[in-house]
Each structure stands twice: as structure tokens, then as C-alpha cells.
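The values are calculated or read from the model by the stated rules, or taken from the named source; none is laboratory data. Just so it is clear, the structure is predicted and the values come from calculations on it, not from any experiment. Virtual Cβ from ideal backbone geometry, glycine too; neighbours counted across all protein chains shown. The area values use the complete protein model at the heavy-atom level, side chains included, leaving out ligands, DNA and RNA. Shrake-Rupley method; radii C 1.70, N 1.55, O 1.52, S 1.80 Å.
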Amino acid sequence: MAFKGALVIDTEKCKGCAVCITGCPQDPKCIGLSKKVNAKGYNYLEMVNEEACIGCASCAVICPDGVIEVYRAKC
Amino acid sequence: MTREDIIKPENLVYKRTPVLTDATMHYCPGCGHGVVHRIIAEVIEEMGIQDNVIGISPVGCSVLAYNYFDVDFVEAAHGRAPACASAIKRLRPETFVFSYQGDGDLASIGCAEVVHACNRGENITMIFINNGIYGMTGGQMAPTTLEGMETVTCPYGRDPKIMGHTMRLTEMLAQLPGTYYVTRQAVYTPAAARKCKKAIRQAFENQKLNKGVSFVEVTSNCNSGWKMTPVQANKWMEENTLKYFPLGDMKVDGKFDPKFIERVGTFDQPNETIFSLRKK
């Protein structure tokens, strides 16, 4: 059974520390830092490889600011 | 399957807990404090004790912790969080009381308070964030700074001959009879963060048993104080800090872990400097 995941990222609270990217088990990584910045001037997180996400929530459990919301569906 | 099909309330796996307020945390990007705050809040939510928990915030980076938790909080004087927590728990034994301290607060200034609170066996949960540096005041040397590590007040690296040895405070406290559960965890990988959550949950559950102090040390990073990026700091912590402060349980249910006894047996050997100077 395969799962597909999706992330909802609170880009205004994200500080762009990139710790979550190291936590992502997929190769290539599903998430990456955007070239755009938020109101505080941080390059926020965005999904770069939506197809690969399995909704494991590894990024969310090490996010220091709790900006990632994870959804997972069977497919 | 499109993104819209997946993002539905029934597919929700992980969401920021409502026990944390909506305030943006003031911590530096990538700081371990944020993860530990979230883990504590999740444990409070899972146990359903939000109306019945009192936290004690320290002085240090986490001095403003009361802004981020939607629970009752007391701000203690520098290092006095265990004394404050003892009083609250004695006066209100039905509440869950936890103190949250950094290493400058707990290991240095509040060393006496924490040792005596653990020796008395107060029925509280203590969370100790060890990042080996005074983060808030600009990166000065703390008792837990590693040998050879550069800080603002030891710019040539910590020399144990002048500045003393790195303090393993959690190992000290584990040997006091008043402690019931003593463990060291970290939050630098998803697996470690999940383990840390289990340990903090256990530490809160232990308050129901009324057996003594539950002490959780969380080895953390301080990327601003260490002058690194968050990812580098986590890597450096894994390579250096965790050698001197290995992760794992020291005391579970009031009994020593066999691996811990073995490790304490090596403490009388001369403390060789295993850490070279970090960078030139």
C-alpha cells in the first residue's frame, strides 16, 4: 500500500533553518528552501518535489517552530 | 491524486498543538528549544492535563517560555526553578509541575537548588536543555562547555587545567536516591525527537506515582553561540557533544541502567582531552 503526503507550511512563521530538510528521508528531498523571503527576511520552506512525499511527518517532528502541517492519504 | 484530494481533515497526520500559543518563538532558527517546547506541549495535550499543569520558566534563552505555552507558568529567579517547583508541588500536589531550564541556569547558577531538589526527591519533572554555552548573554563558557571548545570567554578553547572539567551534571543527579527517572535525549533527528517525546511523556506520567524527581536532559545545539548554521551545529553536536554526553537512560523506575553503571566506572580515569580546537 502506498501513501501520498502533502504539507501545509506556515511560511510567515518559518525561519528557514533547513533542519527539516535533513530530516526528510526521501532522495531527492521533497522539501527545499524557497528563493523568496517572508516578512522577516527568511528564505522559507516550500515543497520542491511534491510527488515524492509520503507524509511520514519526519520534517514536522523536528521543526523547531511547528510550521509544518502534514496530511497523508492512501493511493 | 492531487494536492487538494490529500489535504482534507480526515487525512491529517500532524498539526501544531493548540497547547502552544500562536506567538512566533523568539529563538534563533534551528534552536532545539523550539522542538522541546513543542514536544512538551504535545505531551500535555496527549495526557489531557492542560488545565492542571504548572510550568516554571528559567532565566536564559527560554525565559519567555510562558509566552509560548497555553498553560499556567511561573517565572523563577535565576537558577531557582527547582526550588519554585518544589514549593508549588508541595502546596498543590494534584497538579503536574515541570521546570524547564538551560545549562547556564541549572548547571551553573542553580546547581545547589537542583541538587537539593533531587536529593529531597520532590515529585516534579525537570527538563534540562544542555547546549554547552550561555546562549542568551552572547555565548560565554558554561560548566557543560566541552574541553577545547571556543566560546567568548575562552577564545582559545576550554582548558581543563584552568577552567575545570566539563560537568556531567545529569550523571551526578542520577546517583542521588531522590531521583526516580533520569535520562538524556536529543532532538537533532526525527528519530531522536520521537524518542525524546517518549521520555518526556514518561517523566510526566511518573508524577502520578509520587516516587521522586523525573529528570530529562535534552542535548541541544546553539547555532548562534557556536557560530554555525543550524544544520552544521546539529552535525557538530552529533560528532562531539554526544561523545562526552552519550544519549540514553541512566535510571529507570528508580534503578540504574547497567550501561550507565559501566560508564560511571570509567569516570576515575584521567580525563583526556578528546576534543581538538574546533577551528582556527
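Hey, any idea what % of the protein assembly as shown's accessible area is carbon plus sulfur with a 1.4 Å probe?
Numbers: 8390 of 15560 Å².
So the carbon and sulfur contribution to the accessible surface is 54 percent.
Structural descriptor for the stretch A:3-74: relative contact order 47 percent, calculated from alpha carbon pairs under 8 angstrom and at least 6 residues apart.
The spread of Cα positions in the stretch B:16-258, taken along each principal axis and listed from longest to shortest, comes to 50, 40, 33 Å. With q set to 0.21, 0.23, 0.24 Å⁻¹, the log10 of I(q)/I(0) for the stretch A:3-74, from the Debye formula over equal scatterers at the Cα positions, is -0.81, -0.97, -1.05. The residues of the stretch A:6-28 occluded by other protein chains by 40 Å² or more of accessible area, set against the chain on its own, are A:6, A:13, A:15, A:17, A:19; surface from heavy atoms, 1.4 Å probe.
Scanning chain A for cysteines with no neighbouring cysteine C-beta under 4.7 angstrom from their C-beta gives A:14, A:17, A:24, A:56, A:63, A:75. Taking a point 7 Å out from the Cα of residue A:48 in the direction of its Cβ, the residues of the stretch B:204-238 whose backbone N falls within less than 20 Å of it are B:229-235. Computed from protein heavy atoms with a 1.4 Å probe, the total accessible area buried between A and B is close to 2700 Å². For the stretch A:3-74, the solvent-accessible area of protein heavy atoms averages 44 Å² per residue (probe radius 1.4 Å; ligands and nucleic acids excluded).
Excluding ligands, DNA and RNA, the accessible surface per residue across the stretch B:84-123 is 36 Å² with a 1.4 Å probe. Residue pairs exceeding 28 angstrom between C-alpha atoms, taken from A:40/B:243; B:211/B:235; A:4/A:40; A:35/B:197; A:13/B:208; B:197/B:259: A:40/B:243; B:211/B:235; A:4/A:40; A:35/B:197; A:13/B:208. Rounded to the nearest angstrom and listed largest first, the equivalent-ellipsoid semi-axes of the protein assembly as shown from its Cα gyration tensor are 33, 25, 19. Measuring r between the beta carbons of residue B:13 and residue B:153 and using R0 = 56 Å, the FRET efficiency lands at 0.80.
In chain B, helices alone account for a calculated mean residue ellipticity at 222 nm of -8500 deg cm²/dmol, with every DSSP H run of four or more residues adding -39,500 (n - 2.57).
Over all directions, how big on average is the projection of the convex hull of the alpha-carbon atoms in the stretch B:1-136, in square nanometres? Intermediate results must be reported in sequence, preceding the final value.
Values: hull surface 38.9 nm².
Reported value for the Cα convex hull: 9.7 nm².
Modelled label positions at residue B:247 and residue B:161, each set 7 Å beyond Cα in the direction of Cβ, lie 3.6 nm from each other.
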